[in-house]
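Structure, as structure tokens:
The values are calculated or read from the model by the stated rules, or taken from the named source; none is laboratory data. It should be emphasised that the depicted structure is a prediction, and the values quoted were computed from it without experimental measurement. Cβ: placed from backbone, ideal geometry, glycine included. Neighbour counts: every protein chain shown. Quick note on the areas: whole protein, heavy atoms, side chains included, nothing else; ligands and nucleic acids left out. Shrake-Rupley method; radii C 1.70, N 1.55, O 1.52, S 1.80 Å.
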Amino acid sequence: MSTSILNIGRTGAAAARASLELTAQNIANASNSDYTRRRMDQVELVGTARIDRQSRSTLNGVLIGDVRRFDSEFGQRQVRASTSDLARVATEISGLRDAELALEESGLYEKLIDFEASLTLLESDPTDPALRTGALETARQLTQTFQTAEFALSNARSFIESELTAGVETVNGTASELARINVELVNAREGTAGRAALLDARDAALRDLSEEVGITATFDEFGAAEVRVLADPPPPGETGVLLVSGSNFSQLSATTNNGNLSLAVGGASFTAVGGAMAGRSSALSDIAGRQVELDAIANSIIIGANAAQAAGSALDGSPGQPLFSGNGASDIALVLDDGAGLALAPAGAPAGSRDTSNLGNLIAAFGADNGPIAATDRMLLSLSSRISGLDSLRDGLAIIAESAEANLLAEVGVDLDTEATNLIRLQQAFEANSRVMQVATELFDTILGLG
């Protein structure tokens, strides 16, 4: 009997110690978002004895069981989906804010107003050389501002494209890691701490992927993940393009052409519908559209100003010459080098004419509802409105993502109060089993002493 008691105490102490170590591991990883709470199973150890045809079973201690990992496939799926949606909108906002900052810091709208003001000022004294030189200088500054705005927008696109390259590398690296984890999961023994760590790594890799691209994931009996990238349009009969299956994974590639992002996995082209990739795609397209608008505004100024010059007379009575050259924001340039060449008077007017009817037509065209000032204002306003709408959407998606994270944490996260309680309980159990072994030893010594 004393040996049975000794075994009960020994196995109980071993089980309490193993559970203590697991509880300490839980506490140490309480702030680790990639860690999932564990518990250790324990079962009764039953000893069986047989004499002749008679057998009898007796309790003989405790057997340490499997390490169980708390999991919530639904919660993980909700977190991945909300993370993907939030990353898409946040990335698009980031790209558009860079574009907005580029246009605002260039001061394009203010320079257009300055140019219009300098032309209006000329109406008061069209023969004043200082006013003519000042108007020509504001025209020169306007061309530089257009070039600055175009350069800044191009830089914003280049920055997004550099982020795109880093995102592609992240997806490919994570997909490779996930394929390796799949192989190790197949070979891992059920109920071990190593397998639980692999499952944590698998879920972390899936969350990393969902930040870059929208994904769906399914799992086999070993826990290995098959991952598909959500695509528009999806492959026939599938939810997305296959990225990871077992030990195999396909490379993601990305190319850009005039603001259009093309993605492909294993040669299969698709349009991203989730994650930062979709946000970058939308931002690149939007900025490319702004550049087209900017070119159109610059071109309208070039055409309008040169047409006005051609329809008027310079200060010396000669026909007006072109004011600007170029075809858009990147190459607009001032070509008139003397303020006296501004054709403010109508064609055929004599030298020194104070007739400003031709200038009035240019000012009216410049400030018209379909003129460059109004077009620039609409472009800036539409960009600001787009960002404002996305900000509101992001706030809503952030609440959804936080709720999904909180729900998942409640199911699989570490509760420090609970673990602290377990720690005290297990310490007491360890001490109690140590005392049982001590009593068993004393009983055994006493029995030997009776002989």
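Quick rundown of the values:
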read-out	value
Hits in the range 210-230 - residues which are open to solvent by 10 Å² or more (accessible area, probe 1.4 Å), in a strand (DSSP E or B) and touching a residue at least 40 places away in the same chain (Cβ under 8 Å)	I215, A217, F219, L230
Failed item in (1) closer than 30 Å to N7 by Cβ; (2) buried (at least 17 other Cβ atoms within 10 Å of the Cβ); (3) touching a Leu at 6+ places or on another chain (Cβ under 9 Å), with A401 passing the rest	(1)
Every residue from the range 380-392 that is open to solvent by 60 Å² or more (accessible area, probe 1.4 Å) and among the aliphatic types (A, V, I, L, M)	L381
Hits in the range 326-343 (condition: buried (at least 22 other Cβ atoms within 10 Å of the Cβ) and farther than 14 Å from N306 by Cα)	A329
Residue satisfying all of: in the range 171-193; in contact with a helix residue (DSSP H, G or I) (Cβ under 6 Å, 6 or more places away or on another chain) and part of a helix (DSSP H, G or I); farthest from V67 (Cα to Cα) among these	V171
Options G348, G312; residue that is open to solvent by 10 Å² or more (accessible area, probe 1.4 Å) and in contact (Cβ under 8 Å) with a residue 24 or more places away in the chain	G348
Among (1) β-branched (V, I, T); (2) farther than 27 Å from A117 by Cβ; (3) in a helix (DSSP H, G or I), the one test that V414 misses	(3)
Positions within the range 105-124 being open to solvent by 30 Å² or more (accessible area, probe 1.4 Å) and either β-branched (V, I, T) or in contact (Cβ under 8 Å) with a residue 60 or more places away in the chain (or both), in sequence order	Y109, I113, E116, T120, E123
Cross-chain or 6+ apart pairs with Cβ under 6 Å, the range 142-165 first and of a type in the set (F, W, Y), then buried (at least 19 other Cβ atoms within 10 Å of the Cβ)	F146/A298; F146/A329; F146/I332
So A102, is it among the aliphatic types (A, V, I, L, M) and open to solvent by less than 20 Å² (accessible area, probe 1.4 Å)	yes
Any hit, the range 181-194, residues being without any contact (Cβ under 8 Å) to a residue 60 or more places away in the chain and under 21 Å from G279 (Cα atoms)	no
Residues satisfying the stated conditions in the range 282-316, i.e. within 33 Å of the chain's Cα centre (by Cα) and of a type in the set (V, I, T)	I287, V292, I297
Qualifying position, being modelled with pLDDT of 90 or more, open to solvent by 30 Å² or more (accessible area, probe 1.4 Å), touching a Phe, Trp or Tyr at 6+ places or on another chain (Cβ under 8 Å) and not polar (S, T, N, Q), among D377, D395	D377
Enumeration of residues in the range 418-448 that are of a type in the set (S, T, N, Q) and in contact with a Ser or Thr (Cβ under 6 Å, 6 or more places away or on another chain)	N422
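For (1) surrounded by 21 or more Cβ atoms within 10 Å (Cβ to Cβ); (2) modelled with pLDDT under 95; (3) farther than 30 Å from L334 by Cα, each residue gets a yes or a no:
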position	(1), (2), (3)
T145	yes, no, no
S154	no, yes, no
I160	yes, yes, yes
E177	no, no, yes
R180	no, no, yes
A188	no, yes, yes
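Residues checked against (1) touching a helix residue (DSSP H, G or I) at 6+ places or on another chain (Cβ under 7 Å); (2) under 30 Å from A117 (Cα atoms); (3) without any contact (Cβ under 8 Å) to a residue 24 or more places away in the chain:
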residue: L359; (1), (2), (3): yes, yes, no
residue: A365; (1), (2), (3): yes, yes, no
residue: T418; (1), (2), (3): no, no, yes
residue: A440; (1), (2), (3): yes, no, no
